[in-house]
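Asks: One structure, pasted below without further comment.
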Amino acid sequence: MKKWLLVGLCVLALSGCRRYEEPEEIISSQEETTEAGPASTEAEAETPAQEETESEPERVPVKVKGIYLSGPAAGSGEMMDGILSQIQGKEINAVVIDLKDDNGRVTCAMDSPMVTETEASRPYVADMPELIRTLKEDYGLYVIARVVAFRDPWLAEKKPEWCLKLPDGSVFRDRSGLAWINPYKEEVWDYLVEIGTQAAAMGFDEVQFDYIRFCTEKGVGDVVFDEADTRSRSKTDVITEFTEYAYDRLAPQGIYVAADVFGAIIGSEVDSQSVGQVYEDMAKNLDYICPMIYPSHYGDGNFGIEHPDTEPYRTVLSALQGSAQVLEAAGQDGERRAVVRPWLQDFTASYLDHYIEYGPEEIRAQIQATYDAGYDEWLLWSAACSYTWEGLKTEEEAAAEAEAIAQSRAAAETETGAVQEDPAPAEGEAQTGSGTGAESGAAGEVPAAELIPPLESLPELPGQISPAGPAPEDSGKVDTVIPWMQMD
């Protein structure tokens, strides 16, 4: 990709790649550069307010169109050469790199007391700051650190006192035999903030927390929590509280803060309470919120679609219409509200009874649905980091598309006489590619509860777990697993 010539734009960060690896022996096993604010030429005239402002690095937003990169992919020169050669000249402007992965391993050397104590470093990437510098300076990319939060089997084994526990005091394990961290443990919050701080020092533009939730696997209903930890707080209370805690400590360091959430929580009280994620509450404490709205994640009949995986446009459009309505209903003047940046599906869910092969048309359909729902940013998920490049536009095509969308939205606002943020498509408006319309017959302005029926079921899945998307087999296929949500 050509170096970006956007004046005054700093390259920033995005989201994550490979979600799951075969668990290694969890018994044995750590870079920096902070951007300073502009220096004053009249230091003697500075007021305290000016000094405080200039002490914090500037954060410059980017409308992200990105892909995920796992630690092994980011650390492989051959793989990165291939990916970067494909990115050049295309609309992709961001990458999400695993910094702390699904196994709890930190993917590079890190100067962190807890990483050192727990021997968590598994340095797939030999020099992360140098990689980030190259991605920014040579390719104009915004670089995001993916940090897996409460699914951390490595930390759980090293610090069993921070695990989910059963009534007899034993450690709860999921169906893969892996332990989970207790989100009520504030020592873990500090560890995650420590990782985020290191991400900022390395030069990442953004830290994106994944698995920022409670475990939902079968048997987790037997887990007990100590009142000394919970202090009468619910699951949703504590996840929202952690989100605010992390944001307040990381944003002043000049790094954007984001979180991945299940798409199923949008408009579903049952799912929100199970995982601990309340969409509209988390959005008040983040810069970006990234719903995982892969069509394969939705059970048959959701959104009135017989087999959602077979209709990527309608599924993504319906999910994002719900997002817009839920956030607008919850919004209040003066409150921060995260920008919505969905994860889209770039893999084939062949484990489903009813699925289709995902190729260029299916990728573009999801991106089009994102624009037609009124949103501008998106991320593609492929656990194997194997992307459908043919489904992406060139930089020039994407720029022309963005201009057409902006003009169409401006015209729509003029017609209605009201400026709408993240507008939902009007009922019956045709899918024109303008970024303001919906597929003919798509739902219009209806209550979110009606638009988004709660998930009735999830497909039978293999015995592996994956946070934001399917994980590849060792063969490198991308059509294997999706996150498991067992509601107890």
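Bear in mind these aren't lab numbers, they're just calculated from the coordinates by the rules spelled out. Predicted, not measured: the structure shown is a model, and the values here were computed from it. All Cβ positions, glycine included, derive from the backbone under ideal geometry; neighbour counts span all protein chains shown.
Asks: Using 0.36 nm per residue of separation minus the Cα-Cα distance, give me the extension gain between GLU328 and ASP248 in nm, one decimal.
Replies: Here the segment from GLU328 to ASP248 would lengthen by 26.5 nm.
Asks: Does a label point 7 Å from the Cα of GLU396, set along Cα-to-beta-carbon, have any residues of segment 82-101 with amide nitrogen under 13 Å, and which are they?
Replies: Residues 89-90 qualify, since their backbone N sits under 13 Å from the label point.
Asks: Could you calculate the contour length gain from GLU187 to GLN407, that is, 0.36 nm times the residue separation minus the distance between their Cα atoms, to one decimal place in nm?
Replies: 74.3 nm
Asks: Can you sort VAL207, VAL143, VAL62 from fewest to most other Cβ atoms within 10 Å of each residue's own Cβ?
Replies: VAL62, VAL143, VAL207
Asks: A further question on this structure: Report the Rg/Rh value for segment 56-404, based on alpha-carbon coordinates and the Kirkwood definition of Rh.
Replies: Using Cα coordinates only, the ratio equals 0.95.
Asks: Okay, moving on. Give the separation of the Cα centroids, segment 311-333 to segment 88-120, in Å.
Replies: Each part's Cα centre sits 31 Å from the other's.
Asks: Across 5 Å bins from the origin, how do the percents of Cα pairs in segment 194-251 run, short distances first?
Replies: Result, from short to long distances: 4, 14, 20, 21, 15, 12, 9, 4, 0 percent.
Asks: If r is the Cβ-Cβ distance from VAL270 to ARG336 and R0 is 30 Å, what FRET efficiency results, to the nearest 0.05?
Replies: Efficiency at R0 = 30 Å is approximately 0.65.
Asks: Suppose R0 equals 41 Å; then what is the FRET efficiency for ALA126 and GLU357 from their Cβ-Cβ distance, rounded to the nearest 0.05?
Replies: The formula returns an efficiency of 0.65 here.
Asks: Right, another one. List HIS297, HIS354 from most exposed to least, where exposure is judged by having the fewest other Cβ atoms within 10 Å.
Replies: HIS354, HIS297
Asks: Grab segment 56-404 and count how many Lys pairs have their alpha-carbon atoms under 20 Å apart, sequence gap of 8 or more, or different chains.
Replies: Summing the qualifying lysine pairs gives 20.
Asks: What ranking do LEU327, LEU69, LEU380, LEU84 get, fewest neighbouring Cβ atoms within 10 angstrom at the top?
Replies: Least crowded to most crowded, the residues run LEU84, LEU327, LEU380, LEU69.
Asks: With the crude spin-label approximation of a point 7 Å out along Cα→Cβ, what separation in nm comes out for LYS218 versus VAL60?
Replies: 5.2 nm
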